[in-house]
1. What ranking do 68, 120 get, fewest neighbouring Cβ atoms within 10 angstrom at the top?
2. Could you put 63, 158, 18 in order, starting from the residue whose Cβ has the fewest other Cβ atoms within 10 Å?
3. Per the Debye formula with a single identical scatterer at each Cα and no solvent contribution, what log10 I(q)/I(0) holds for region 35-107 at q = 0.20 Å⁻¹?
4. If you count the DSSP beta bridges with both ends in region 1-128, what percent of them are antiparallel, to the nearest 5?
5. So how do 129, 247 line up by other beta-carbon neighbours within 10 Å, fewest first?
6. Counting DSSP beta bridges with both partners in region 2-259, what percentage is antiparallel, nearest 5?
7. What number do you get for region 141-257 when its Cα radius of gyration is normalised by 2.2 N^0.38 Å, N = residues?
8. Provide the three semi-axes, in whole Å and in decreasing order, of the ellipsoid equivalent to the chain as defined by the square roots of 5 times the Cα gyration tensor eigenvalues.
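Laboratory data are not the source of any read-out in this text; all were calculated from the coordinates shown. Predicted model, so just to flag it, every value in this text is computed and none were measured. Neighbour counts run over all protein chains shown; Cβ positions are idealised from the backbone, glycine included.
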């Protein structure tokens, strides 16, 4: 498990706890790639002793940190959890069971809740929509919209070696681009369980830069389509526009509520 981190001291302990308390009879490696935090995160990392491995220093963005972390990893199953997100209890056990019993599966994804700063579940309609979309994997469907939540995905090291590292020119959609590379080769295996929780708050990338992220996702889909899949790319444009309008409305409601 690789965990990129930069100034996430207020959430870091919870994220690490969700990983290290996983019930398991297998070896777990947790590697934290810290980008040079100055908010007390390093003291928290030191407090975990030898239960984790961590490196702190400047990097060239999250993709660079992830690539360095996975290059250090020695396991056969990869996963990535941001330092403000959470693994659900039993998530690693479930992933290992699937990969062990189904050798043809190269990557899997499961359901993910959305929580706020206080771990309270929020945005249930968005979660319900994604849960519906992800039930049956289709590469064409994935080209129309990114309905996979990153923290609920696990993949084999051998698959990672074949498709290559994260693209370091992408800073908002490196996960979606990897899903497309994996999905071009192998169907994703849906796990009908909650494997993780995504923490949403205004300072997150998807919270504060959602329009830029959605436009970058469209560009990535167009690159992978390579001039083909015209219907899917048209649907992606429509989905992107719809989502931007919905997020703008939600932000407006939140601002009015805060103002009142």
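1. Numbers: 68 18, 120 8.
Ascending Cβ contact count within 10 Å gives the list 120, 68.
2. Values: 63 21, 158 11, 18 18.
Fewest-to-most ranking of 63, 158, 18: 158, 18, 63.
3. The Debye formula, applied to the Cα set alone, gives -1.09.
4. Details: 1 of 10 bridges.
Taking every DSSP beta bridge with both residues in region 1-128, the antiparallel ones total about 10 percent.
5. Details: 129 14, 247 17.
In increasing order of surrounding Cβ atoms, one gets 129, 247.
6. Numbers: 9 of 26 bridges.
Once the DSSP bridges in region 2-259 are tallied, antiparallel ones form about 35 percent.
7. Values: Rg = 15.2 Å, N = 117, 2.2 N^0.38 = 13.4 Å.
Cα-based Rg divided by the globular estimate yields 1.13.
8. Values: eigenvalues 144, 113, 64 Å².
Listed largest to smallest, the semi-axes of the chain are 27, 24, 18 Å.
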